[in-house]
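The values are calculated or read from the model by the stated rules, or taken from the named source; none is laboratory data. These numbers come from a predicted model, not from an experiment. No Cβ is skipped: glycine too gets one built from the backbone with ideal geometry, and neighbour counts run over all protein chains shown. Quick note on the areas: whole protein, heavy atoms, side chains included, nothing else; ligands and nucleic acids left out. Shrake-Rupley method; radii C 1.70, N 1.55, O 1.52, S 1.80 Å.
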Amino acid sequence: MEALLQITFGGLIFGSIYALAAIGIVMIYKTTDVVNFAHGEMAMITTFISFTFLQMVGLSFFVSFLLALIFAAIFGMTVYQAIIKRVQNAPPLNQIVVTLGLFLAFNGIAGLIWGYTPHGYPSALRGDSFQVGSVFMSPHQLFILGITLALMILFFILFKYTKIGLAMRATQQDMQTSSLMGIKVSQVFNLTWAAGAILGGVAGILTAPITYLEPSMMIDILIMGFAAAVFGGFVNLPGAVIGGLIVGVYSNWVSYYIGSELSVAFVFLLIVLVLYVKPTGLFGAKYVKKV
Amino acid sequence: MLTLDKARVEFGGLTAVNDLNMEISKGQIHSLIGPNGAGKTTVFNTISRFVNLTSGNIKFNNENILNYKPNEVIRLGITRSFQNTELFANMTVMDNLLVGLHPLTKKNIFSTMLHLPSVRRIEQENRKKTIETLELLQIRHLEDEVVKNLPFGYQKMVDIGRAMMVNPELLLLDEPVAGMNNVETKQISELLLRLKHDFGFTIFLIEHDMSMVMEISDFVTVVNFGKKISEGVPAMVRNDPAVIEAYLGGEDVSHA
């Protein structure tokens with residue numbers, strides 16, 4: 001029982017990171033109709049940027065973190081404006097080829113700049129693990145949970161109560177009518193890519209201390225992020241969060257009780273089963289987007 | 001107020017709007033009628049800037065509309081409703097109307113997060129304006145309903161309400177009573193007359209319900225195959241042989 005609780009807690013930590021990655025993927029897809037396979041590699045570059053501020057410039061963790069997120073926002077908007085905008089109305093296959101191309105390009109560029117040797121990445125909060133009941137937890141794990149929760153609340157407020165949030169929700173449903181209501185949809189697309197890149201960047205910076213920092217660090221997270229997104233219904237943000245947590249916990253259980261080499265396989269087996277029963281995902285509904 | 005000067009729209013080999021000249025005067029209800037496929041909605045789409053003119057010009061208060069993008073037309077004072085209610089189906093009635101206020105809402109993400117007094121004041125004003133509009137439409141009880149769950153008649157009212165939110169100078173309504181019963185049609189007719197008399201709206205109306213058109217319009221323009229075939233006050237248009245022939249194949253317009 002103690003092991004189960006510990007494994008479940010560990011799964012929630014990874015699940016939080018998958019959820020952050022999934023929200024970014026879903027938000028970008030829902031608003032701009034582009035499935036961004038380069039999401040993880042953009043997050044990895046943001047993480048390397050924070051590492052550069054941290055180690056090479058010598059800034060503190062939190063200053064490096066904030067500067068890296070500003071970079072992520074600019075990076076996201078630049079990728080959208082320079083590349084994605086050109087293929088936004090192209091057939092889905094063309095978009096997939098472009099984002100897969102960006103995946104490879106960003107991976108190669110990161111290797112060229114920072115090399116392929118894994119780097120250690122410090123935790124935001126240092127200190128010994130402590131015990132709550134029978135569960136051991138580290139300050140960094142609590143930091144991950146705290147940041148994830150804070151971002152969920154922040155994005156909930158953003159979508160529910162702000163002018164830009166209302167504009168984003170409207171644009172997600174009907175681009176043409178939104179434009180007629182005076183909404184600058186191009187601005188909404190820019191902000192969506194900025195927000196998506198920030199969420200990915202946070203996922204990357206939270207991942208690096210518990211794995212390592214190297215150009216392929218986000219591939220597993222990207223796969224699990226996509227799994228979480230599909231699990232949750234792909235157009236449903238709360239669904240992506242719950243999907244992330246379920247995928248995190250479930251994959252940890254599989255790793256512990258069956259074998260870590262089978263965790264991804266079992267996650268996708270579960271997804272196949274869920275999609276067999278409910279083809280729109282666990283929380284997805286038939287979604288018709290007007291353009 | 002709004003002038004179409006030899007407005008022409010061609011889609012490939014099809015001429016949807018054929019050198020149309022029109023003048024819409026301030027404070028009037030001006031109806032555009034014609035058989036299905038006559039090019040009426042295309043006229044609205046050119047004014048909304050969704051469709052480009054092949055040739056000709058459109059001016060609103062002496063401003064050339066063609067210089068503006070679709071998202072800028074609302075700032076000129078023109079809003080519209082749609083033939084097939086292009087509402088945000090997964091959002092509530094309240095949120096749909098708030099989107100209609102988008103161009104007038106001045107608050108940024110930081111002030112919203114801090115919930116500054118200026119933001120609270122804007123939220124109160126927006127909510128007050130939304131509730132006033134819902135009450136005018138007699139659908140206050142639906143404010144928290146998700147639009148996709150509403151019957152079509154109510155969706156039409158939400159569509160009209162959203163277009164009214166910014167107090168436009170010119171309101172374009174595309175078949176506002178399509179799919180409505182007699183009671184709802186009468187309610188919308190009274191609403192449009194009230195908008196004209198009490199709020200000073202100018203209304204450009206596309207409608208197939210001829211009884212309604214003849215009852216509330218100050219001026220009627222008739223098009224067929226994109227070309228104007230008649231215009232004038234309702235009594236004149238109703239008896240125009242060209243209209244009776246082209247529009248109804250010989251029937252009396254008032255009974256359409």
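Summary of computed values
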quantity: Any hit, segment A:92-99, residues being among the polar types (S, T, N, Q), open to solvent by 30 Å² or more (accessible area, probe 1.4 Å) and at pLDDT below 90; calculated: no
quantity: Any hit, segment A:220-243, residues being among the charged types (D, E, K, R), open to solvent by 30 Å² or more (accessible area, probe 1.4 Å) and touching a residue at least 24 places away in the same chain (Cβ under 8 Å); calculated: yes
quantity: Scope segment A:131-181; condition touching a residue at least 60 places away in the same chain (Cβ under 8 Å) and within 30 Å of A:ASN89 (Cβ to Cβ); matching residues; calculated: A:PHE155, A:PHE159, A:MET168, A:THR171, A:GLN172, A:GLN173, A:ASP174, A:MET175, A:GLN176, A:THR177
quantity: Unique residue being assigned to a helix (DSSP H, G or I), more than 14 Å from every other protein chain (Cβ to nearest Cβ) and either over 16 Å from B:THR85 (Cβ atoms) or open to solvent by less than 80 Å² (accessible area, probe 1.4 Å) (or both) when the list is B:LEU195, B:LEU205; calculated: B:LEU195
quantity: Residue within segment A:38-49 that is assigned to a loop (DSSP other than H, G, I, E, B), open to solvent by less than 60 Å² (accessible area, probe 1.4 Å), modelled with pLDDT of 95 or more and within 21 Å of A:GLY225 (Cβ to Cβ) present; calculated: yes
quantity: Which listed residue is of a type in the set (Lys, Arg), in a strand (DSSP E or B) and surrounded by fewer than 16 Cβ atoms within 10 Å (Cβ to Cβ), from B:LYS6, B:LYS106; calculated: B:LYS6
quantity: Failed condition for B:LEU32, given (1) exposed (fewer than 15 other Cβ atoms within 10 Å of the Cβ); (2) more than 14 Å from chain A (Cβ to nearest Cβ); (3) farther than 29 Å from B:ARG140 by Cβ; (4) out of contact with any Gly (no Cβ under 7 Å at 6 or more places or on another chain); calculated: (1)
quantity: Odd one out for B:VAL183, checked against (1) more than 14 Å from chain A (Cβ to nearest Cβ); (2) modelled with pLDDT of 90 or more; (3) more than 30 Å from B:THR42 (Cβ to Cβ); calculated: (2)
quantity: Among the residues listed as A:ALA110, A:ALA90, the single one being away from every other protein chain (no Cβ under 14 Å) and in contact with a helix residue (DSSP H, G or I) (Cβ under 7 Å, 6 or more places away or on another chain); calculated: A:ALA110
quantity: Within segment A:176-206, tally of residues that are open to solvent by less than 10 Å² (accessible area, probe 1.4 Å), in contact with a helix residue (DSSP H, G or I) (Cβ under 7 Å, 6 or more places away or on another chain) and hydroxyl-bearing (Ser, Thr, Tyr); calculated: 2
quantity: Among (1) away from chain B (no Cβ under 14 Å); (2) exposed (fewer than 15 other Cβ atoms within 10 Å of the Cβ); (3) within 24 Å of the chain's Cα centre (by Cα), the one test that A:PHE130 misses; calculated: (3)
quantity: Selected residue (criterion: most open to solvent (accessible area, probe 1.4 Å)) from residues of segment B:88-101 that are touching a residue at least 12 places away in the same chain (Cβ under 8 Å) and facing chain A (nearest Cβ under 8 Å); calculated: B:ASN90
quantity: Near pairs, Cβ below 6 angstrom, 6+ apart or cross-chain, from segment A:112-124 (touching a residue at least 60 places away in the same chain (Cβ under 8 Å)) to any residue that is open to solvent by 60 Å² or more (accessible area, probe 1.4 Å); calculated: A:PRO118/A:TYR212
quantity: Members of segment A:133-158 that are open to solvent by 80 Å² or more (accessible area, probe 1.4 Å) and either farther than 21 Å from A:GLY244 by Cα or acidic (Asp, Glu) (or both); calculated: A:PHE136
quantity: Selected residue [within 17 Å of the chain's Cα centre (by Cα), of a type in the set (A, V, I, L, M) and modelled with pLDDT under 90] from B:VAL166, B:VAL243; calculated: B:VAL166
quantity: Flag if B:GLU63 is open to solvent by 10 Å² or more (accessible area, probe 1.4 Å) and more than 8 Å from every other protein chain (Cβ to nearest Cβ); calculated: yes
quantity: Enumeration of residues in segment B:73-103 that are within 18 Å of A:ILE164 (Cα to Cα) and in a strand (DSSP E or B); calculated: B:THR92
quantity: Residue that is farther than 30 Å from A:ASP33 by Cβ, in a helix (DSSP H, G or I) and in contact with a strand residue (DSSP E or B) (Cβ under 9 Å, 6 or more places away or on another chain), where the choices are A:GLN141, A:GLN55; calculated: A:GLN55
quantity: Subset of segment B:164-184 (residues that are farther than 22 Å from B:LEU104 by Cβ and either touching a helix residue (DSSP H, G or I) at 6+ places or on another chain (Cβ under 6 Å) or buried (at least 23 other Cβ atoms within 10 Å of the Cβ) (or both)); calculated: B:ASP174, B:PRO176, B:VAL177, B:GLY179, B:MET180, B:GLU184
quantity: Evaluation of A:ILE144 against (1) over 30 Å from B:ILE74 (Cβ atoms); (2) touching a Leu at 6+ places or on another chain (Cβ under 9 Å); (3) among the β-branched types (Val, Ile, Thr); (4) within 14 Å of chain B (Cβ to nearest Cβ) (one fails), failing number; calculated: (4)
quantity: Members of segment A:161-196 found to be more than 9 Å from every other protein chain (Cβ to nearest Cβ) and modelled with pLDDT under 85, listed by number; calculated: none
quantity: Restricting segment B:208-229 to residues that are in contact with a Leu (Cβ under 8 Å, 6 or more places away or on another chain) and not in a strand (DSSP E or B), the residue that is modelled with the lowest pLDDT; calculated: B:GLY226
quantity: Scope segment B:124-147; condition farther than 13 Å from B:ARG162 by Cα and of a type in the set (A, V, I, L, M); matching residues; calculated: B:LEU142, B:VAL146
quantity: Subset of segment B:9-35 that is outside any strand (DSSP E or B) and without any contact (Cβ under 8 Å) to a residue 12 or more places away in the chain - its residue that is farthest from B:ALA242 (Cα to Cα); calculated: B:GLY12
